[in-house]
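Inspection log for the structure reproduced underneath, given as structure tokens.
The values are calculated or read from the model by the stated rules, or taken from the named source; none is laboratory data. The model shown is predicted, which means the values in this text are computed figures rather than measured ones. In this analysis, Cβ positions are derived from the backbone assuming ideal geometry, glycine residues included, and neighbour counts consider all displayed protein chains.
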Amino acid sequence: MSKIQNVTVLGSGVLGGQIAWHTAYKGKTVVVYDISADAVDRCKAAHNQYAEIYKKDVGASEADIDATRARLRYSIDLADAVEEADLVIEAVPEVPAIKTEVYQQMAPLLPPHTLIATNSSTLLARDFAAATGRPDKYCAMHYANLIWIMNVIEVMAHKQTSRETLREATEFAIETGMVPIAVLKEQNGYVLNTWFVPLITAAQTLVTNGISTPQDVDRTYLKVNAGASMGPMALIDMVGMKTFFDVLSYWGQVNKDQQMLDNAAYVKAHFLDKGLLGTQTGQGYYTYPNPAFQQKDFLAVPDLSKVGEIVERVYLGVSSNV
Ligand SMILES: NC(=O)c1ccc[n+]([C@@H]2O[C@H](COP(=O)([O-])OP(=O)(O)OC[C@H]3O[C@@H](n4cnc5c(N)ncnc54)[C@H](O)[C@@H]3O)[C@@H](O)[C@H]2O)c1
């Protein structure tokens with residue numbers, strides 16, 4: 001058994017909520033921390049959904065679900081949330097200023113032995129190591145969304161991370177049913193997001209620039225990736241519009257990439273401003289449950305009666321750009 005038994009998850013959104021539930025399901029005692037009671041309530045609602053998903057997809061019994069719930073606690077008081085933590089997993093928004101502030105607030109409150117891991121998707125632990133006040137006990141542990149199916153943790157160090165921290169993080173990953181992926185050099189995006197973020201960004205560009213529709217982007221992807229269950233637009237819904245927006249706007253600004261900024265503006269206008277956050281709220285590019293891409297006819301050869309509509313879309317699209 002690893003030394004890590006008490007885990008605190010900072011941020012109870014899309015990923016924090018999953019990490020907290022899964023970690024409790026795997027037998028650890030978990031405190032979920034967020035800044036508001038509303039956020040915690042959203043997390044509790046997500047946990048009710050995960051209870052059903054774990055029964056259906058993971059084979060959890062009622063007793064397993066009850067035991068998971070008994071190991072979970074929710075808090076909006078940071079001192080209370082971290083006072084017994086062996087490991088804090090940070091899953092607050094992908095906004096450097098927010099992460100830095102949380103680490104600085106937490107530093108004086110932590111027991112001396114506590115390890116900290118960031119679940120950041122695209123940022124580097126080295127940029128926050130000083131703010132944690134314990135750089136040797138800090139590393140990245142990056143989960144993939146839908147962690148009960150995509151059960152990997154990418155383990156990545158920065159120069160000051162100790163061997164012992166990496167050993168404990170890796171033991172924890174294995175004990176909680178995750179395949180540890182060793183990232184050998186610091187890399188924004190680790191292994192997964194080095195290709196995943198460009199994939200969903202390219203798909204978004206096709207939509208932002210009016211080259212294609214979300215459905216046709218996914219149709220194309222699913223046709224040529226036989227066996228895949230989601231195309232890139234559905235994956236954007238799964239990631240969540242807020243985090244997708246944060247990534248697009250931050251990296252758009254850092255790299256002075258106008259297309260990324262245009263993509264961010266599109267996501268804001270079409271989704272965030274309307275309170276549509278993706279799968280989390282039941283509406284993004286698709287409507288959930290039973291999204292169109294899961295319907296039987298989504299990938300079928302269409303009826304000849306559809307020819308007129310397809311021709312008009314191609315014709316009008318080109319003529320409007322003349
Ligand atoms: N969404 C994904 O698919 C995914 C996958 C892997 C990693 N991540 C990473 O996980 C982190 C969280 O992403 P998410 O998608 O869960 O975001 P999210 O927007 O769904 O959730 C973020 C949560 O953090 C809370 N929060 C905001 N400020 C806070 C603070 N100061 N202290 C504590 N909580 C605070 C928010 O209220 C919200 O509940 C990001 O770094 C993201 O890059 C996301």
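Figures for the structure shown
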quantity: Yes/no for T118 being closer than 22 Å to T243 by Cα, in contact with a Gly (Cβ under 7 Å, 6 or more places away or on another chain) and of a type in the set (S, T, Y); calculated: no
quantity: Single unsatisfied condition, E52 versus (1) under 17 Å from T118 (Cα atoms); (2) out of contact with any helix residue (DSSP H, G or I) (no Cβ under 6 Å at 6 or more places or on another chain); (3) assigned to a helix (DSSP H, G or I); calculated: (1)
quantity: Residue list for the range 212-228, filter: at pLDDT 95 or above and farther than 17 Å from V239 by Cβ; calculated: S212, T213, Q215, D216, R219, T220, L222, K223, V224, N225
quantity: Positions within the range 247-272 being more than 15 Å from G189 (Cβ to Cβ) and of a type in the set (F, W, Y), in sequence order; calculated: Y266, F271
quantity: Residue check for A63: among the hydrophobic types (A, V, I, L, M, F, W, C), surrounded by fewer than 16 Cβ atoms within 10 Å (Cβ to Cβ), away from the ligand (no atom under 12 Å from the Cβ) and at pLDDT 95 or above; calculated: yes
quantity: Every residue from the range 18-54 that is of a type outside the set (S, T, N, Q), within 15 Å of the ligand (Cβ to nearest atom) and under 16 Å from I153 (Cα atoms); calculated: I19, A20, W21, H22
quantity: Qualifying residue in the range 192-199 (condition: under 30 Å from L316 (Cα atoms), part of a loop (DSSP other than H, G, I, E, B) and either in contact with a Cys (Cβ under 9 Å, 6 or more places away or on another chain) or at pLDDT 95 or above (or both)); calculated: no
quantity: V14, sole failed condition from (1) within 24 Å of T165 (Cα to Cα); (2) near the ligand (Cβ under 10 Å from one of its atoms); (3) in contact with a helix residue (DSSP H, G or I) (Cβ under 9 Å, 6 or more places away or on another chain); calculated: (1)
quantity: Inter-residue pairs, beta-carbon under 9 Å, first on the phi > 0 side of the Ramachandran plot and in the range 118-146, second assigned to a helix (DSSP H, G or I), 6+ apart; calculated: G133/Y103; G133/Q104; G133/M106; G133/A107; G133/P108; L146/Q18; L146/M238
quantity: Condition check for G252: surrounded by 18 or more Cβ atoms within 10 Å (Cβ to Cβ), over 18 Å from V92 (Cα atoms) and not acidic (D, E); calculated: yes
quantity: Meets criteria (of a type in the set (D, E, K, R) and either touching a residue at least 12 places away in the same chain (Cβ under 8 Å) or assigned by TED's automatic domain parsing to the domain that holds S212 (or both)) for D303; calculated: no
quantity: Pairs where the first residue, in the range 267-278, is free of Cβ contacts under 8 Å to residues at least 40 places away in the same chain and the second is part of a strand (DSSP E or B) and surrounded by 15 or more Cβ atoms within 10 Å (Cβ to Cβ), C-beta under 7 Å, 6+ apart; calculated: L276/Q283
quantity: Those residues of the range 1-28 which are over 13 Å from S75 (Cβ atoms) and of a type in the set (S, T, Y), in sequence order; calculated: S2, T23, Y25
quantity: Complete set of residues in the range 122-141 that are in contact with a Ser or Thr (Cβ under 7 Å, 6 or more places away or on another chain) and within 22 Å of P198 (Cα to Cα); calculated: A125, A140
quantity: Qualifying residue in the range 223-240 (condition: within 13 Å of the ligand (Cβ to nearest atom) and on the phi > 0 side of the Ramachandran plot); calculated: yes
quantity: L222 being part of a helix (DSSP H, G or I) and within 30 Å of V301 (Cβ to Cβ); calculated: yes
quantity: Test result for L110, over 19 Å from P180 (Cα atoms) and modelled with pLDDT of 95 or more; calculated: yes
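Condition check ((1) touching a Leu at 6+ places or on another chain (Cβ under 6 Å); (2) modelled with pLDDT of 95 or more; (3) within 14 Å of the ligand (Cβ to nearest atom); (4) among the β-branched types (V, I, T)) across all residues:
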position	(1), (2), (3), (4)
I89	no, yes, yes, yes
P93	no, yes, yes, no
T114	no, yes, no, yes
A117	no, yes, yes, no
L124	no, yes, yes, no
D127	no, yes, yes, no
D136	no, yes, no, no
A140	no, yes, yes, no
